[in-house]
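The values are calculated or read from the model by the stated rules, or taken from the named source; none is laboratory data. These numbers come from a predicted model, not from an experiment. Cβ placement follows ideal geometry from the backbone for every residue including glycine, while neighbour counts extend to all protein chains displayed.
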Amino acid sequence: MLASSLIKRAVMAAVTLFGVAVIVFLLLRVAPGDPIAMMIGPGASAEDIASLRAHYGLDQPFLTQFVIWLAGILHGDLGTSISLHRNVVELLRERLPATLELAIVACAVAVILGGSVAILGTWLRGRGEGAIDAANGIMLAVPDFVWALAFVLVLGVFWQAFPLSGRIDPSIDPHFTTGFYLFESIFTGRFDLTRDILAHMAMPALALALPLAAIIIRILKDALSEAMLQDYVLLARVKGMSELRLIAGEALRNAVGPTLALTGVQFTFLIGGTVIVERIFAYPGIGSMAIDAVINRDLPLIQGLVLVFGALFILINLAIDVAVAALNPRLRHG
Amino acid sequence: MAEVALNHDAAVAAGPPKLRRRSALRALLAQPKVVFAGGFIVLLILLALFAPVIAPHDPLDQDLLSGTLPPAGFAGAQPGYWLGTDDLGRDVLSRLIYGTRVALTVAFVAAFAAALLGTVLGLFAGFYGGAVDAIVSRLVEIWMAFPPVLLSILIVAIMGSGVRSVIVAIAIIDWTRFARVVRAETMAQAKADYVVAARVLGFGRLAILFREILPNVAPVLLALVTLEMGIAVIVEAILSFVGLSVSSDTPTWGGMIAQGRQIIYQAWWVFAAPLAALFATVLAFNQLGDGLRRALDPVMQR
């Protein structure tokens, strides 16, 4: 039962990704503005432009271009970036780890912050709830873009608590063998680098985390208060378990599944938010690269980036579906 | 973003719409959120409409001799420049006031356009089900696999910058928010007794959809549109920030933020003022939307 529904979901995910590929391809082909002309500037002769168009395959009909691109994807080839003159897959491989690390840290911050405030709110039961709800109302309303800019001003410029841009201090030559600087520095025990990388990540990660934390607080707090009314909690209470252990242990275990089901889509919003947040902090991930790619009309790079974002979104949704199913005792044993 | 938990209950809020109209108005005014946030938005609308009368200076007037003056109360401030000036000597307060024009135009038009597109698709998907529903649902799923900021930048880059492109981009991207909620609402309403009754009485399908179901979906829709206005203000600011919204001689909050970012160490107020305006505006639209939802949803009133 569970396996067949998962296979169905995986097939749907593939269809969705194909839809994403078709739409981005169509969008870019109706776009005015010749990427080749932008690339070589005004002085170029008509023959130069024609030969470059042929080089990038842009002289072919729509459908042929699309088939060539699809066949390339299946071979792990996304073409060559027009503005950076480099293999798109190579560029993505270079930049993706930075974005993944940022997103993972942001998610962790959101879950820890959101989880602890929700537990605290349930534990206080009414006392201080007004303050939590008011703060949460602001967190729910204000998006990552505005948080990021506010942090630039307050934490970056006024307090100078964190570096304003980049991923690591440019004077450090870290010699990393993978693109995962943070994880590699931890696993190789170079904690001075870890500190520097985390300091660079602090503001973008917090900006991305706050909206997700807000939704976790709202939904988890409701789920926890509901779970606290259940018989098994009453039983544990009669047995003399402490209130905090009741919440963080018994109630939490049953509230996590429904919370995940309702907050799932917000995790994908966090990934989408990296586009503008990375731009604000000049963080060298795929998000900041995406804006430049659009401005430069770099068709192969835009296509590759949208496909990677789409694949990430769809994979996260699938993972959340699986996690929700695994956390639901009725489905697990059914 | 807040609609995740919002709208499920309203399905129960059936009942003929006309009877509830008067009590709805009273319920609205009883919500402090609606009064305060709504009041703030009315104030913004007045600022936008009467910008030439209210603004103390011409927002484009450059005066290099009075560049980067700090806001009133700080050392070196000059009278008449309440929020200081930027590096070109332009009055920040006047630019902020004129900036409400683009922000609110985009907020109202784009939110309405997204709502129209999403509501029509959501109504049909929820009411007819079957193939219509399958197509709309699949489209929603594909759309939600695009990073919205990237997609909006892409659309504006394709259409060329300008307010019109920004509005089209927001409508094309955010219709899914409406389609998802309206579809679910419509499915719930379609099973309600009054719809079954209308069907038995021989009303046509379109008549049932637009005369019976739509009015009952309206309260939820109104709250969603208000939330969307806040989102539209942000998207416009993002596009101005990236340099893709309107031309640089029209003052926008996003454009001011981008400009202020360049001179943040010399004149932080050029950055801080539009940021504060953005913060307050998105918060106001959000609180208004939340207040409207509470006021118009009988289940939540209890």
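Of all residues in the stretch B:247-281, those satisfying the criterion of being at the interface with chain A (Cβ under 9 Å from one of its Cβ atoms) and within 30 Å of B:VAL182 (Cα to Cα) are B:LEU278, B:PHE279.
Could you check, for the stretch A:88-98, whether at least one of its residues is farther than 30 Å from A:VAL30 by Cα, surrounded by 16 or more Cβ atoms within 10 Å (Cβ to Cβ) and either aliphatic (A, V, I, L, M) or within 14 Å of another protein chain (Cβ to nearest Cβ) (or both)? Looking through the stretch A:88-98, at least one residue is farther than 30 Å from A:VAL30 by Cα, surrounded by 16 or more Cβ atoms within 10 Å (Cβ to Cβ) and either aliphatic (A, V, I, L, M) or within 14 Å of another protein chain (Cβ to nearest Cβ) (or both). In the condition set (1) under 23 Å from A:LEU252 (Cβ atoms); (2) at pLDDT 95 or above; (3) hydrophobic (A, V, I, L, M, F, W, C), A:VAL154 is compliant with all but (1). Counted as qualifying within the stretch B:1-57 are the helices (runs of 4 or more DSSP H) with 2 or more residues that are modelled with pLDDT of 80 or more and aliphatic (A, V, I, L, M), namely B:21-29, B:32-49, B:51-54. So which residues in the stretch A:132-148 are assigned to a helix (DSSP H, G or I) and either within 10 Å of A:PRO211 (Cα to Cα) or facing chain B (nearest Cβ under 10 Å) (or both)? Residues satisfying the conditions are A:ASN136, A:GLY137, A:ILE138, A:MET139, A:LEU140, A:ALA141, A:ASP144, A:PHE145, A:VAL146, A:TRP147. Just need a number here: residues in the stretch A:243-299 that are more than 11 Å from chain B (Cβ to nearest Cβ), β-branched (Val, Ile, Thr) and crowded, with 22+ Cβ neighbours inside 10 Å. Matching residues across the stretch A:243-299 total 1. Is it the case that the stretch B:186-205 has a residue that's more than 14 Å from chain A (Cβ to nearest Cβ), free of Cβ contacts under 8 Å to residues at least 40 places away in the same chain and at positive phi? Checking the stretch B:186-205: at least one residue is more than 14 Å from chain A (Cβ to nearest Cβ), free of Cβ contacts under 8 Å to residues at least 40 places away in the same chain and at positive phi. Hey, among A:ILE172, A:ILE168, A:ILE82, which residue is assigned to a loop (DSSP other than H, G, I, E, B), of a type in the set (A, V, I, L, M), modelled with pLDDT under 95 and exposed (fewer than 13 other Cβ atoms within 10 Å of the Cβ)? Result: A:ILE172 is the single residue among A:ILE172, A:ILE168, A:ILE82 that is assigned to a loop (DSSP other than H, G, I, E, B), of a type in the set (A, V, I, L, M), modelled with pLDDT under 95 and exposed (fewer than 13 other Cβ atoms within 10 Å of the Cβ).
Quick check: anything in the stretch A:211-224 without any contact (Cβ under 8 Å) to a residue 40 or more places away in the chain and either crowded, with 17+ Cβ neighbours inside 10 Å or under 30 Å from A:GLY126 (Cβ atoms) (or both)? So far as the stretch A:211-224 goes, yes, one or more of its residues are without any contact (Cβ under 8 Å) to a residue 40 or more places away in the chain and either crowded, with 17+ Cβ neighbours inside 10 Å or under 30 Å from A:GLY126 (Cβ atoms) (or both). The helices (runs of 4 or more DSSP H) found entirely in the stretch B:65-173 that carry 1 or more residues being closer than 15 Å to B:ILE231 by Cα are B:92-128, B:148-159.
State yes or no: is B:LEU222 at pLDDT 90 or above, farther than 24 Å from A:ILE23 by Cα and either in contact with a helix residue (DSSP H, G or I) (Cβ under 6 Å, 6 or more places away or on another chain) or assigned to a helix (DSSP H, G or I) (or both)? It is true that B:LEU222 is at pLDDT 90 or above, farther than 24 Å from A:ILE23 by Cα and either in contact with a helix residue (DSSP H, G or I) (Cβ under 6 Å, 6 or more places away or on another chain) or assigned to a helix (DSSP H, G or I) (or both). Annotation: A:GLY115 fulfils all but one of (1) within 14 Å of chain B (Cβ to nearest Cβ); (2) surrounded by 17 or more Cβ atoms within 10 Å (Cβ to Cβ); (3) farther than 22 Å from A:VAL306 by Cα; the unmet one is (1).
Could you list all residues from the stretch B:124-148 that are buried (at least 24 other Cβ atoms within 10 Å of the Cβ) and in contact (Cβ under 8 Å) with a residue 24 or more places away in the chain? Once the filter is applied, which keeps residues that are buried (at least 24 other Cβ atoms within 10 Å of the Cβ) and in contact (Cβ under 8 Å) with a residue 24 or more places away in the chain, the stretch B:124-148 yields B:ALA125, B:GLY126. Among the residues that make up the stretch B:229-246, is at least one of them surrounded by fewer than 19 Cβ atoms within 10 Å (Cβ to Cβ) and more than 10 Å from every other protein chain (Cβ to nearest Cβ)? No. Exactly one residue out of A:ALA44, A:ALA10, A:ALA31 is within 14 Å of another protein chain (Cβ to nearest Cβ), more than 24 Å from B:LEU154 (Cα to Cα) and either touching a helix residue (DSSP H, G or I) at 6+ places or on another chain (Cβ under 8 Å) or modelled with pLDDT under 80 (or both), and it is A:ALA10. Each residue in the stretch A:226-250 was checked for being of a type in the set (A, V, I, L, M, F, W, C) and in contact with an Asp or Glu (Cβ under 8 Å, 6 or more places away or on another chain), and 4 pass. All conditions in (1) surrounded by fewer than 21 Cβ atoms within 10 Å (Cβ to Cβ); (2) within 14 Å of chain B (Cβ to nearest Cβ); (3) of a type in the set (A, V, I, L, M, F, W, C) hold for A:LEU208, with the sole exception of (1). Among the residues of the stretch A:300-314, which ones are small (Gly, Ala, Ser) and more than 10 Å from chain B (Cβ to nearest Cβ)? Result: A:GLY304, single match.
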